[in-house]
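Enquirer: Structure below; questions to follow.
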Amino acid sequence: MHQLTLAEIARGLADKKFSSEELTKVLLARIVQLDPQLNSFISLTEDLALTQAKAADARRANGESGALLGAPIAHKDLFCTQGIRTSCGSKMLDNFKAPYDATVVAKLAAAGAVTLGKTNMDEFAMGSANESSYYGAVKNPWNLEHVPGGSSGGSAAAVAARLLPAATGTDTGGSIRQPAALTNLTGLKPTYGRVSRWGMIAYASSLDQGGPMARTAEDCAILLQGMAGFDPNDSTSIDEPVPDYGASLNGSLQGLRIGVPKEYFSAGLDPRIAELIHNSVKELEKLGAVIKEISLPNMQHAIPAYYVIAPAEASSNLSRFDGVRFGYRCEDPKNLEDLYKRSRSEGFGPEVQRRIMVGAYALSAGYYDAYYLKAQKIRRLIKNDFMAAFNEVDIILGPTTPNPAWKLGAKNSDPVAAYLEDVYTITANLAGLPGLSMPAGFVDGLPVGVQLLAPYFQEGRLLNVAHQYQLNTDWHTRTPTGF
Ligand code: GLN
């Protein structure tokens, strides 16, 4: 039963092959048995899951239907869950029980989804390896000595290991697409404003976006359907109707114009990944797509711009965790200053502290123009590059990451080496565009992802291309040994 996708689960539940309660019990037992190898969960919510599963079964018995009704999922541990620990992977929030549900959590619960637990993540979503979590590193089910990617590494590892069919993630600079790529999943970062950020603990507010992680594009469509939509509680939520994503999956790719940016294939890219990306291009050509080389000339400036903007916003967002208003408080503070200093230096890990310092520096009076303002100007140039490209093509395609999953600890002493791994993903966040990563093959037994980008609100187009690709390839069906 643990091999079933969300789509298959929906059919099984509708055909009364099994109940949500039965399925939930199987998956909870599997998590208890296998997760010690992976560390992909921070909290298991067994009681809640069983209550929700029974309620979903009762709703079905009363004639209700729906693809998410009774479907088991998990939430990245930065989505607020009422009465349940919401740690953000940090000691700072180790004992924080959220007083309300995030909009995403509430919407999925209303659709009948069953929450099995809260998944591990990089502390405050800062990282690309899921090694900065206060709760320890997450392991990649494809090779337990390798990282699963981050920051949504817990959701990725859990879904890849068939502990559950799908989970939520968030993507500020690649944290859905990159771990999806490194664990052989399909992951979608929606257009900025498509999914409500209310109750999603902020890292960098102008970049953060929640989205689905699953094994197939079809399942991402199901989960996104439950997550997307306007929310008056989020001032950056966009009041656009949500299309039927399932209905968008079966469009023909005949004549679809795919742009491949020449800058993507520069020196930093592992040539074995380049080859797999070219293979996926050929596959899409067979399905009728027309390939065109394009250029994104300002891409080289994306990493420096992102690593000014994201820390700047983080330094502001994380100022609320001061041991007084929110978060961990140190023992026996001598005075107010000592309380602030020790609460924040004991509560935050080293990567979070580094980013707060970089961000506060970039925003300080003497440096604002030189760093923050300049980074914002680069951000506009990057957006303009995409707008020009989308005048010529319908989709942009390239690698999701320059390398496969690295060994645990390999980049710990060199944070910039880890930042460079984000080169292909962060531009979509800077521009606010939707992006999807899907399985495209293996290098040394480790999964490789291909990334698709589309114009604003064209999530359906991304899901369509990925679904058609998955109907004609089987990379996404491969299962890691031992799981
Ligand atoms: N790796 C990037 C960072 O550390 C992206 C993280 C994310 O998308 N949350 O900022």
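Enquirer: How large is the Kirkwood hydrodynamic radius of the chain, counting all unique pairs of alpha carbons, in Å?
Expert: 22.1
Enquirer: Would you calculate a helix-derived [θ] at 222 nm for the chain, using -39,500 (n - 2.57) for each DSSP H run of n ≥ 4 and dividing by the full residue count, to the nearest 500?
Expert: Result for the chain, helices only: -11500 deg cm²/dmol.
Enquirer: Okay, moving on. If you roll a 1.4 angstrom probe over the protein chains with everything in place, what fraction of the accessible area of the range 49-103 belongs to carbon and sulfur, to the nearest %? Display every interim value, and only then the final one.
Expert: Values: 1020 of 2060 Å².
The computed percentage sits at 49.
Enquirer: Now, a different point. Given a Förster radius of 35 Å and the C-beta distance between GLN37 and ASN472 as r, what FRET efficiency does 1/(1 + (r/R0)^6) yield to the nearest 0.05?
Expert: With R0 = 35 Å, the Cβ-Cβ based efficiency is 0.60.
Enquirer: Which net charge results for the neighbourhood of ARG257, defined as the other residues with beta-carbon distances under 12 angstrom from its beta-carbon, given Lys and Arg at +1 and Asp and Glu at -1?
Expert: It works out to a net charge of -2.
Enquirer: Using +1 on the beta carbon of Lys and Arg, -1 on that of Asp and Glu, and nothing else charged, what's the dipole of the chain about the Cα centre, debye to 20?
Expert: 120
Enquirer: Measure out, as a whole number of angstrom, how far apart the alpha-carbon centroids of the range 77-98 and the range 327-399 sit.
Expert: 21
Enquirer: Same structure again: Checking a compactness column here: for the range 219-300, what do you get for Rg(Cα) / (2.2 N^0.38 Å), N being the number of residues?
Expert: 1.50
Enquirer: Using 0.36 nm times the number of residues separating ARG257 and TYR100, minus their current alpha carbon distance, what extension gain do you get?
Expert: Gain on extension, ARG257 to TYR100, equals 52.1 nm.
Enquirer: Continuing with this model, one more query. Measure out, as a whole number of angstrom, how far apart the alpha-carbon centroids of the range 133-152 and the range 212-272 sit.
Expert: 25
Enquirer: Another question about this same structure. Check which residues have an amide H placed less than 5 Å from GLY435's amide H, if you skip close sequence neighbours.
Expert: LYS189
Enquirer: Something else about it: Give me the net charge of PRO311's neighbourhood, meaning all other residues with Cβ under 10 Å from the Cβ of PRO311; Lys, Arg count +1, Asp, Glu -1.
Expert: Around PRO311, the surrounding residues sum to +1.
Enquirer: Please compute the contact order of the chain in relative form: average sequence separation of alpha-carbon pairs under 8 Å and at least six residues apart, divided by the residue count, as a percent. Present the calculation step by step, with values, prior to reporting the outcome.
Expert: Details: 1153 pairs, mean separation 84.8, N = 483.
RCO, the chain: 18 percent.
Enquirer: Which links in LYS383/LYS411; LYS91/LYS411; LYS377/LYS411; LYS139/LYS286; LYS16/LYS407; LYS107/LYS374 stretch past 32 Å when you go from one Cα to the other?
Expert: Over 32 Å Cα-Cα: LYS139/LYS286; LYS16/LYS407; LYS107/LYS374.
Enquirer: Applying the Karplus parametrisation 6.51 cos²θ - 1.76 cosθ + 1.60 with θ = phi - 60° to the phi angles of the range 468-479, what ³J(HN,Hα) value in whole Hz is obtained for each residue in order, glycine and proline being reported as x?
Expert: Per residue, the Karplus-derived 3J(HN,Hα) values read 4, 4, 6, 6, 10, 9, 10, 3, 5, 8, 5, 10 Hz.
Enquirer: Using every Cα-Cα pair within the range 288-426, state what percent have a distance larger than 20 Å.
Expert: 62
Enquirer: Just to confirm, what accessible area per residue do you get for the range 353-449 at 1.4 Å probe, in whole Å²?
Expert: Value returned for the range 353-449: 40 Å² of accessible area per residue.
Enquirer: Here's another thing I want to ask about it. Suppose all protein chains stay in the model; what accessible area per residue would a 1.4 Å probe give for the range 7-151, in Å²?
Expert: 36
Enquirer: Also, quick follow-up: Among GLY112, HIS75, MET92, whose Cα lies farthest out toward the positive end of the dipole of the range 2-147, if unit charges sit on the beta carbon of Lys, Arg (+1) and Asp, Glu (-1)?
Expert: The listed residue farthest towards the positive side: GLY112.
Enquirer: Measuring with a 1.4 Å probe in the full set of protein chains, what accessible area per residue, in whole Å², belongs to the range 194-332?
Expert: Details: 5760 Å² over 139 residues.
For the range 194-332, the solvent-accessible area averages 41 Å² per residue.
Enquirer: How much length is gained if the chain between GLU145 and SER364 is pulled fully straight, taking 0.36 nm per residue apart and subtracting their Cα-Cα distance, in nm to one decimal?
Expert: 74.8 nm
Enquirer: Just for the range 46-179, what percent of DSSP beta bridges are antiparallel, to the closest 5?
Expert: Values: 3 of 9 bridges.
If I count the DSSP bridges inside the range 46-179, around 35 percent turn out antiparallel.
Enquirer: Moving on. What distance in nm lies between label points placed 7 Å from Cα along the C-beta direction at ILE238 and ALA61?
Expert: Here the modelled spin labels are 4.4 nm apart.
Enquirer: Further, regarding this structure: Could you give P(r) for the range 155-221, binned at 5 Å from zero, as whole percent values over all Cα-Cα pairs?
Expert: Binned Cα distances yield the sequence 3, 21, 30, 23, 15, 7, 0.
Enquirer: What full-extension length gain, to one decimal in nm, is calculated for GLU337 and LYS17 as 0.36 nm per residue of separation minus the Cα-Cα distance? Provide the component values of the computation, followed by the final result.
Expert: Values: separation 320, 0.36 × 320 = 115.20 nm, distance 6.12 nm.
Here the segment from GLU337 to LYS17 would lengthen by 109.1 nm.
Enquirer: Around CYS220, with a cut-off of 11 angstrom between Cβ atoms, what is the net charge of the other residues, counting Lys and Arg +1 and Asp and Glu -1?
Expert: Working: positive: LYS189, ARG215; negative: GLU218, ASP219, GLU459.
Taking every Cβ under 11 Å from that of CYS220, the sum is -1.
Enquirer: Counting only protein heavy atoms, what percent of the accessible surface of the range 266-368 is carbon or sulfur at a 1.4 Å probe?
Expert: Values: 3030 of 5450 Å².
Whole-percent figure for carbon plus sulfur exposure: 56.
Enquirer: In whole percent, and with a 1.4 Å probe on the protein chains, what portion of the accessible area of the range 181-243 is carbon and sulfur? Show your work: numbers first, answer last.
Expert: Working: 820 of 1530 Å².
It is 54 percent, rounded to a whole number.
Enquirer: Using a basic spin-label model with each label point 7 Å from the Cα along Cα→Cβ, how many nm lie between GLU46 and PHE326?
Expert: In this crude label model, GLU46 to PHE326 measures out at 3.1 nm.
Enquirer: While we're on this one: Which whole-number percentage describes the relative contact order of the range 208-340, with Cα contacts under 8 Å and a sequence gap of 6 or more?
Expert: Computed over the range 208-340, the figure is 17 percent.
Enquirer: Would you please give the FRET efficiency between ALA29 and SER316, computed as 1/(1 + (r/R0)^6) with r the Cβ-Cβ distance and R0 = 56 Å, to the nearest 0.05? Intermediate results must be reported in sequence, preceding the final value.
Expert: Working: r = 43 Å, r/R0 = 0.77.
Efficiency for this residue pair is about 0.85.
The values are calculated or read from the model by the stated rules, or taken from the named source; none is laboratory data. What you are looking at is a predicted structure, and each value in this text was computed from that prediction instead of being measured. Reconstructed Cβ throughout: ideal geometry from the backbone, glycine too, with neighbour counts over all protein chains shown. To get the accessible areas, we keep the full protein, side chains included, count just its heavy atoms, and leave off ligands, DNA and RNA. Shrake-Rupley method; radii C 1.70, N 1.55, O 1.52, S 1.80 Å.
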